[in-house]
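Read through the structure below, which is laid out as structure tokens, and then see the notes.
The values are calculated or read from the model by the stated rules, or taken from the named source; none is laboratory data. Everything numeric here is computed off the predicted structure, so don't read it as measured data. Cβ sites come from the backbone with ideal geometry, for glycine too, and all protein chains shown count toward neighbours. Areas reflect the complete protein model, heavy atoms only, side chains present, ligands, DNA and RNA absent. Shrake-Rupley method; radii C 1.70, N 1.55, O 1.52, S 1.80 Å.
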Amino acid sequence: MRSFVLIVVGALALAVAGAARPTATVTKTVRITATAFKHATVTIATGSAIKWTNTDTKAHQVVANSGAFASPTIGAGHTWTHTFNTAGTFKYHDALHPALTGKVVVTGPPPAVTIAATAPIITYGQSTAISGQVSSGKAGETVTVYGQPYGDVSSFLISTLKTGPNGAWSVYVKPDLLTNYSAHWKATVSANIGVQVRPKVGFTVSRRGLASVKVTTARSMAGHRVYIQRFTRFHEWVKFRKVILNSRSSARVRFHVKRGRYVLRAYMTVNSAGPGYLDGFSRTLTYRKR
């Protein structure tokens with residue numbers, strides 16, 4: 001959970017930090033439609049909030065490009081609200097429909113130290129870079145980075161490092177499950193960013209229709225459900241076979257389908273994955289029944 005490799009690079013940060021007192025508390029609404037966020041760009045003061053309202057018939061998920069925030073899946077007719085306590089520009093996208101993008105501009109005092117994740121959502125076993133910059137722009141400044149995994153009551157020290165050119169810093173992390181990170185520089189503390197983790201789902205199918213599923217996480221997935229899904233001509237994933245994992249977090253099952261070509265994958269829901277994990281899915285396979 002706590003393994004990492006330290007590097008220092010001149011990376012630019014997207015999530016901003018530094019505490020700022022709000023001048024006014026306002027909540028603005030952004031509607032999520034099938035084709036766009038409305039309005040796509042919203043400006044608010046530090047300490048104000050954005051409420052995303054899903055007016056579409058499909059589910060959506062709002063995720064900051066930098067990992068500064070991430071909503072759960074927002075069902076049709078539901079909302080999610082996030083308060084912005086630090087100034088900066090926060091670009092975001094819909095994790096379920098990546099073509100939908102938006103931006104929140106938060107006005108206020110400039111941040112003292114920034115922090116961002118290269119990939120705010122990863123699959124178990126992958127690593128990502130956490131990077132930022134101190135406002136002095138100087139090399140040789142000391143920055144400490146802390147992480148707090150889901151379920152832990154306190155954070156732990158990831159690394160103590162020195163900034164490089166332009167005050168930039170970076171460290172690679174490899175979280176086992178959802179982990180929040182923050183950077184400390186002198187008396188200032190950055191915003192918290194989260195790196196979310198999907199279970200690693202392996203999936204193979206033999207020519208005779210024997211499917212093998214293997215789920216890898218930091219804990220046993222024995223007794224948890226995985227679904228074999230097929231991709232329909234309506235461009236939707238449909239469940240057609242449920243699999244219960246054994247003590248090795250794996251399973252083998254034979255399925256019967258009519259002759260034809262099928263696009264398949266194995267899928268674990270967020271509820272089945274459990275606390276600290278997002279939903280997970282395997283690579284897509286093509287199966288032909290002759």
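So, THR188, is that one more than 30 Å from TYR262 (Cα to Cα) and either open to solvent by 60 Å² or more (accessible area, probe 1.4 Å) or modelled with pLDDT of 95 or more (or both) or not? It is false that THR188 is more than 30 Å from TYR262 (Cα to Cα) and either open to solvent by 60 Å² or more (accessible area, probe 1.4 Å) or modelled with pLDDT of 95 or more (or both).
Only strands (runs of 3 or more DSSP E) whose full extent lies in region 29-106 are considered here, and the ones with at least 3 residues that are touching a residue at least 60 places away in the same chain (Cβ under 8 Å) and of a type outside the set (S, T, N, Q) are 41-45, 88-94.
If the condition is being within 26 Å of VAL226 (Cα to Cα) and surrounded by fewer than 22 Cβ atoms within 10 Å (Cβ to Cβ), then region 154-185 contributes LYS174, ASP176, LEU178.
Here is a yes/no grid of residues against (1) open to solvent by 30 Å² or more (accessible area, probe 1.4 Å); (2) at pLDDT 95 or above; (3) among the small types (Gly, Ala, Ser):
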position: ASN246; (1), (2), (3): yes, yes, no
position: SER250; (1), (2), (3): no, yes, yes
position: LYS258; (1), (2), (3): yes, no, no
position: LEU264; (1), (2), (3): no, yes, no
position: ASN271; (1), (2), (3): yes, yes, no
position: GLY274; (1), (2), (3): no, yes, yes
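Residue pairs whose Cβ atoms lie under 6 Å apart, separated by 6 or more positions or on different chains, with the first residue in region 196-223 and over 25 Å from VAL173 (Cβ atoms) and touching a residue at least 40 places away in the same chain (Cβ under 8 Å) and the second open to solvent by less than 40 Å² (accessible area, probe 1.4 Å) and among the polar types (S, T, N, Q), are PHE203/SER282; THR204/SER212. Considering only residues in region 192-213 that are under 22 Å from the mean Cα position of the chain (by Cα) and open to solvent by 70 Å² or more (accessible area, probe 1.4 Å), the one that is farthest from THR144 (Cα to Cα) turns out to be LYS200.
What are the residues in region 31-60 that are buried (at least 20 other Cβ atoms within 10 Å of the Cβ) and within 13 Å of ASP94 (Cα to Cα), if any?
Selection gives ILE32, PHE37, TRP52, ASN54, HIS60.
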